[in-house]
Every structure is written in structure tokens, then in C-alpha cells.
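The values are calculated or read from the model by the stated rules, or taken from the named source; none is laboratory data. The shown structure was predicted, so the numbers you read here are calculated from the model rather than taken from an experiment. Cβ: placed from backbone, ideal geometry, glycine included. Neighbour counts: every protein chain shown. These area figures cover heavy atoms from the full protein model, side chains too; ligands, DNA and RNA do not enter into them. Shrake-Rupley method; radii C 1.70, N 1.55, O 1.52, S 1.80 Å.
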Amino acid sequence: MHVWLHRLLLVGVLAIFPVPGRAAESPSEFVTAFLNEAFGLFRTEAITTEERRVALRDLFTKKMDMRHMARFMTMDQVIEAKPDRRQRFEDLLAGYLADTFYSKIAEGASASVDVAHSSRSSTPDSPAVDSIIRKTGSPPEPITWRLRPTDGSYKIIDVMGEGISLATTHRATFGAVMLVGGLQRLEQMLAARQ
């Protein structure tokens, strides 16, 4: 076979079977796709409010690293729980975050978004992507997305706006709740918000 045919076959094989640990899309492409999907849920009238809430929670579950976030936000207390309880907590966390940011995402659905290729704080193990959300009548809203390479793509592990980390803020809030009633009280709080 000719060298060019070998190269063509190699490219085809790599396209079908991506190299483990290497993302098929860039971090900025991942963030752009996530935002398009999230905002797209609010740009259509073809689904009900409840269907939109479920779809947003499913999107968060799929695109955010709930295991990592749950572990960080509970100061590792969730990893001491049995696997079924950890999974239930991750599901509660995804629902809580989707409900918490539902109105913010709804407001941003008509916005334009600029996504940079990477943030100054980006590292290979934890890429970061800067974006700016521009809503009519509001100042530009810079947001940094901290990602983790996972299974040939990425997952969101933190979102920072105005220098404030979502994960760190919730870690402090959740810590105060757990101080009073442990992980069980935090689970009750998250369940009540859904």
C-alpha cells in the first residue's frame, strides 16, 4: 500500500476510536455546545416548563462532573456514604443546581455569547474557558468555566462569575448546613429545593 493510503486509514481509525484521555473537541467547543444546548431549551416553545426543568437537570448531569463537585462541595463527606447514597446525592445536586440557575439561564437565552479559546488560568489537567454573555440593556457578564478531561470530552467542575466560584460558594453553604445536621440535613435541603 502507498504511504498516503496508510495515513488515510490511520486517520480513519483515530476518528472512530479516539485516543483515551484526549478530547475530541476543544474546551471552547465544549463550552459553546453546552451553552447552545442550555439556552436552546429556553428558545423553544415546543416543551413545557416541567419538561424544560427535567431537560436542564439532565444536561447538567451529563455535562457537569457531579461526582467531583459533590465531593468538593461536601468536603469529602459524600465519599464516605454507600454508593447508592452517593448517586442519590449527585442526582439531588444536579437537580438543585439546575433549579438554582434555571432563571439565570432563561434570562440569558436571548443573549449573545463570546467564548474564548482558553483562559489564562488554564492547565492541561484543568482547562479553563472564558466567556462573555451579552444581554441587551445589561453590562457584559464574564464567566470562566473550569473543566476536567473525561472520557474523550470534558465535564464542568466549576463556574466562576465576577471572581466568585460556584463550587467554593456552595461548599461554604453546604458546610454550614452539614455542621448543624450532617449530610442527611444537606440532602433534605437539596430535596426540598426541587
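Scan the range 91-126 for residues that are under 23 Å from Ser26 (Cβ atoms) and modelled with pLDDT of 95 or more and the total you get is 1.
Would you mention how many residues in the range 147-166 are in a strand (DSSP E or B) and open to solvent by less than 40 Å² (accessible area, probe 1.4 Å)? Adding up the residues that qualify gives 10. Out of Ala191, Ala172, one residue alone is under 18 Å from Leu92 (Cβ atoms) and open to solvent by 40 Å² or more (accessible area, probe 1.4 Å). It is Ala191.
Residues to consider are Ser121, Ser131, Ser126; find the one that is of a type in the set (S, T, N, Q), open to solvent by less than 60 Å² (accessible area, probe 1.4 Å) and more than 17 Å from the chain's Cα centre (by Cα). Steps first, answer last, please.
Values: Ser131 fails: more than 17 Å from the chain's Cα centre (by Cα); Ser126 fails: more than 17 Å from the chain's Cα centre (by Cα).
So the residue among Ser121, Ser131, Ser126 that is of a type in the set (S, T, N, Q), open to solvent by less than 60 Å² (accessible area, probe 1.4 Å) and more than 17 Å from the chain's Cα centre (by Cα) is Ser121.
Does Ala111 satisfy being surrounded by fewer than 18 Cβ atoms within 10 Å (Cβ to Cβ) and small (Gly, Ala, Ser)? The answer is yes for Ala111.
Does Ser118 satisfy being in contact with a helix residue (DSSP H, G or I) (Cβ under 7 Å, 6 or more places away or on another chain), assigned to a strand (DSSP E or B), touching a residue at least 60 places away in the same chain (Cβ under 8 Å) and among the small types (Gly, Ala, Ser)? Criteria not met by Ser118.
Cβ-Cβ contacts under 6 Å between residues 6 or more apart (or on different chains), taken from a first residue in the range 30-50 that is β-branched (Val, Ile, Thr) to a second residue that is open to solvent by less than 40 Å² (accessible area, probe 1.4 Å), are listed as Val31/Val129; Val31/Trp145. Only a single criterion out of (1) surrounded by 14 or more Cβ atoms within 10 Å (Cβ to Cβ); (2) over 18 Å from the mean Cα position of the chain (by Cα); (3) at pLDDT below 95; (4) more than 18 Å from Phe39 (Cα to Cα) is not satisfied by Leu186, namely (3).
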